[in-house]
Amino acid sequence: MSGCLTRIPLLANPMEMNRKEFLQTLGVAGTAFAAGTFDTLDTFAQTEAKDGPVDLVAVMDGEPAPMLRKAISELGGIERFVKKGQKIVVKPNIAWDQPPEVAANTNPELVGELVKMILAAGAAEVVVYDSTCDKADKSYKNSGVEKAVKDAGGKMAPADDDRYFTEVPLPKGVKLKSAMIHKSIIDCDAWFNVPVLKVHGGARMTIAMKNCMGLVSKSCQQSFHKIDLQQCIADVCTYEKKPVLNIVDAYRILKANGPRGKSVADAVLVKALLASTDIVAIDTASTKLAQKFTNVPLEDVGHIHAGQQLGLGTTDIEKLNVRRVKV
Amino acid sequence: MLKLLRVSVALIVFTALSALFLDFTGTVPNGVHWLAHLQFVPAIKMLPFVLLGWLIITLLFGRIYCSVMCPFGILQDGIARIAKLIRRKKAKYQFRPEMYKTRRLLLLLFIIGIAALPVVVSLLDPYSNFGRLMEFVFRPVYLTGNNVLAGFIPNSFRYQYVRVEFVPFAVAFAVFLFAGVLSFFYGRRYCNTVCPVGTLLGLFAKFAPVRIRLNSQCVSCGLCEKVCKGECIGSKRKTVDVSRCVECFNCLNVCKQKAVGFTYNFTNNEPAAPLPVKPETGETSSAANATQRRNFIQGAILALFGVKTAETFAQGLPTGESRVAYKNPHPVLPPGAKSRGHLIHHCTACQLCVAKCPSNVLTPSVTDLGIRGFLVPVAKFEHGFCNYDCTICTQVCPTAALMKIDTVAEKHKLQIGNVVFLKENCVVHTQNTNCGACAEHCPTGALSMRPYGPPGSTLTIPEVSPDLCVGCGACESICPVRPYRAVYVAGLKKHGEAKPAFDPNEKQQEVQLDSFGF
């Protein structure tokens, strides 16, 4: 099965897929279906398969690692995103010196599992970093991500100094015309955007688009706040090297006092995970999921709409091929 | 044998203390800070039994402290050793009379300082001078070296933030040059002239039964005198001024007559009066002036060297300019400082807390705390903020200027400052854009975002709950507005108590999803 999948090119744009590849994808899905992995599909009314590859997967009712494996297999396997010998970056949100239970940072189990899967797919190396808000070493350590990544065979990269970043132009940016992007992103073949789902005092929600703010250096982040936070978040997402996949950790959702959270009571244990190649769609879907626990209207999350305006994706989830599954 | 022991212990103490000050990787165990607690002047402030211990040791054996425990003294031994290797005219010490008046005057000044003028104590304390030398002079050099290596070997070395502050650097470097030059030519002359600890211990050493002694086999050959770093052996008259003997034991090994010993004797039968020698020329003070002049040039060179600020990118952007200026009514005192009075009275400005602060928050005060608090640390939030869970500064402080905070819960209650929000400077108000960086970083919810603007607006603006504020400065450090920020932490003359930010017993809610909501 993996032999079949490795031949499927990166399907960021479904229009590029030819008939043969399409049939192959269906075949893979069919095989998986026959094997009984989709055993709970019937619990969701909206899961009738649309044509083309899956754009967005939502998984519930599992631990972080099984939910990730489920989501990736729904999307066509990790080989859809990773080629042998590639240098891959995983960019979680580990900005805070907080333990995993507060949900201020991406779940370490999820990040560790992703690193393992990428390495198993034949990647040459996996680098993980974040441009942190609290002290970098403490955030890396206390988030649990550093250990999870190292145990999985990945590498943590430092990002707490401007010298780890290179200024690149953002020709499509509306207000932000250039940004200091982390060198590991510039050097990599592909990167995964792995945020955690949180409310945010300034940006209102912080999900996949807001996580891209961690691509840039701390001093550059400060200029976002200075210029126009919501527009700059969308602007930095126009950086030419887009994430091959956005994976939203909603195992715990930070529903109050985001993005840092004060205590475990600010988070709610939800056991969900979303994955999509469309950064605007996944932020839209995640915001709606979070609305079960918070009251942030989608209209208030300015950067999502700015992202739609810039053509980074769509807020119209109904138009997409969405899978909703249980583990 | 004794010399070997002395050198070994001194090397261990010196290496451990230097590493404690310079290490930024967390490799050096924090337990090493106990070596700082064993220092003489800090013990005056914090641990009287340590002080008593040193006095008893000195009373019995002389100035052992100076030879193996004082890092500033050991450093001078190191310089003297280097001098021996590189000076063309090989270093030869010779007996000179003590500068009696200078020693007594400085000791008196020191005692007055203990009672009422803490800045004098910190400027004279050898351990604190060592600490400042490490923090203000060697640390920037060390970090710059690390950063050069980080450029070449990124996998093994990580860039560090280098900070050089001119006045503290100049003071530390001036003292270093002064003591360094003296030790290069004259061994422990600084310790035997300027250092009040040396003088004080010297008074006690005079009674020591176990001391360096010359016996009747002495032929006044002068070999011991030539290697005496204390310049205290008068071989012609066969005298040893034990008040200046720093127990280096160099003399023991060189004597061919077996006439020198570190021995015990009930009777104190040595002639105490030193030889009359020509009066002091005042050379040292002119040397001091020269070194001070030189250090300004050196300081300027170092300040230009390898220092990169983190804010280069953010500067020069047209937006985000502040409209309202402010002046902090009082500097923010470090955690555990209790009050301005307590901090200034106890601190000897050794900079150990500054060196250990992982967030580069603690900064030596030049003018913030007045002349009495010169180089005493205060918290500044330009480059970072006080970690909510961190208590390291209070753990390492050897003088109890920062009282130990034992638990994180205790730290969470401690209010070192109070947040002030200036709406007129805030970008939400001035530019109608979302920001919230301050509330985002606030660990306690003392800053939170509330709806702002006309109905239908999606903006939020900070709202302040001062009773929750711990004064960590996260908000101030991250506020993008310049030159004056929209939010800052006003210092308190006396630390307060913050309301609990959250209920630690509150549990996390668990839900069973029935749908995704989309």
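Taken together, the values in this text are just the output of simple stated rules run on the coordinates, not laboratory data. Given the structure is predicted, the values throughout are model-derived calculations rather than measurements. We place every Cβ from the backbone using ideal geometry, glycine too, and count neighbours over all the protein chains shown.
A Stokes-Einstein calculation at 25 °C with viscosity 0.890 mPa s, built on the Kirkwood radius of the range B:403-453 over Cα pairs, returns a diffusion coefficient of 185 µm²/s. For the range B:316-456, the dipole from Cβ point charges (+1 on Lys and Arg, -1 on Asp and Glu) about the Cα centre works out to 320 debye, to the nearest 20.
Please check which bits of the range B:242-265 a label hung off B:Lys3 would reach, taking the label as a point 7 Å along Cα-to-C-beta and the cut-off as backbone N under 11 Å. Only B:248-256 fall inside the zone, counting backbone N under 11 Å. Each 10 Å bin from zero holds the following percent of Cα-Cα pairs in the range A:60-216: 11, 39, 37, 12, 0. In the range B:109-162, the alpha-carbon atoms span a convex hull of 74 Å³ per residue. Prolate is the label for the range B:329-482, because a/c, from the alpha-carbon gyration tensor with a ≥ b ≥ c as root eigenvalues, is 1.5 or above and a/b exceeds b/c. For the cross-link pairs A:Lys138/B:Lys411; A:Lys150/A:Lys241; B:Lys92/B:Lys229; A:Lys271/A:Lys326, the ones whose C-alpha atoms lie over 20 Å apart are A:Lys150/A:Lys241.
Translational diffusion of the range A:180-231 was estimated from the Stokes-Einstein equation, with Rh taken as the Kirkwood radius over Cα pairs; at 10 °C and 1.306 mPa s the coefficient is 133 µm²/s.
Distance between the 7 Å Cα→Cβ label points at A:Gln309 and B:Glu497: 5.1 nm. Put a plus charge on the Cβ of each Lys and Arg, a minus charge on the Cβ of each Asp and Glu, and nothing anywhere else: the dipole of the range A:52-326 about its Cα centre is then about 140 debye.
Apply the a/c threshold of 1.5 to the C-alpha gyration tensor of the range A:200-325 and tell me whether it is rounded, prolate or oblate. The partial results should precede the final answer.
On the way: a/c = 1.63, a/b = 1.09, b/c = 1.50.
Cα axes put the range A:200-325 in the oblate bin.
The fewest-to-most ranking of A:Asp134, B:Asp23 by surrounding Cβ atoms within 10 Å reads B:Asp23, A:Asp134.
One chain, two ends: B:Glu410 and B:His330. Fully extended at 0.36 nm per residue, the span grows by 26.5 nm beyond their Cα-Cα distance. The distance linking the range A:83-123 with the range B:168-242 is 62 Å (Cα centroid to Cα centroid, whole angstrom). Loop-located trypsin sites (Lys or Arg not before Pro) in the range A:201-294 (DSSP state other than H, G, I, E, B) with a sparse environment of at most 10 neighbouring Cβ atoms within 10 Å are absent. Enclosing the Cα atoms of chain B in their convex hull gives a volume equal to 201 cubic angstrom per residue. So for the range B:1-43, what percent of the C-alpha to C-alpha distances run longer than 11 Å? Across the range B:1-43, Cα pairs with separations above 11 Å total 67 percent. With R₀ set to 56 Å, the beta-carbon distance separating A:Glu125 from B:Lys507 gives a calculated FRET efficiency near 0.90.
Geometric descriptor of the range B:93-230, per residue, is 180 Å³ (volume of the convex hull of the Cα atoms). When the Cα atoms of the range A:52-326 are aligned to their principal axes, the ranges along those axes come out at 42, 41, 40 Å in descending order. With neighbour counts taken as other beta-carbon atoms within 10 Å, the residues A:His305, B:His346, A:His200 rank, fewest first, as A:His305, B:His346, A:His200. Placing a pseudo-label 7 Å from each Cα along the Cα-to-Cβ vector at A:Asp151 and B:Glu424 gives an inter-label distance of 5.5 nm. Convex hull of alpha carbon positions in the protein assembly as shown: directionally averaged projected area 39.8 nm². For the range B:34-49 versus the range A:304-322, the spacing of their alpha-carbon centroids is 65 Å.
In this calculation the C-beta distance from B:Leu60 to B:Leu85 is compared with R0 = 41 Å, giving a FRET efficiency of 0.75. Judged by the gyration tensor of its Cα atoms, with axes a ≥ b ≥ c, the range A:51-140 is oblate; a/c meets the 1.5 cut and b/c is at least as large as a/b.
A crude spin-label estimate for the pair B:Met403 and B:Thr27, with each label 7 Å from Cα along the Cβ direction, gives 3.7 nm. I'd like the FRET efficiency for B:Asp467 and B:Ile12, computed as 1/(1 + (r/R0)^6) with the beta carbon distance as r and R0 of 60 Å, rounded to 0.05. For B:Asp467 and B:Ile12, the calculated efficiency is 0.75.
Placing unit charges on each Cβ (+1 for Lys and Arg, -1 for Asp and Glu) gives the range B:329-485 a dipole about its Cα centre, and among B:Val470, B:Leu369, B:Gln415 the Cα reaching farthest toward its positive end belongs to B:Leu369.
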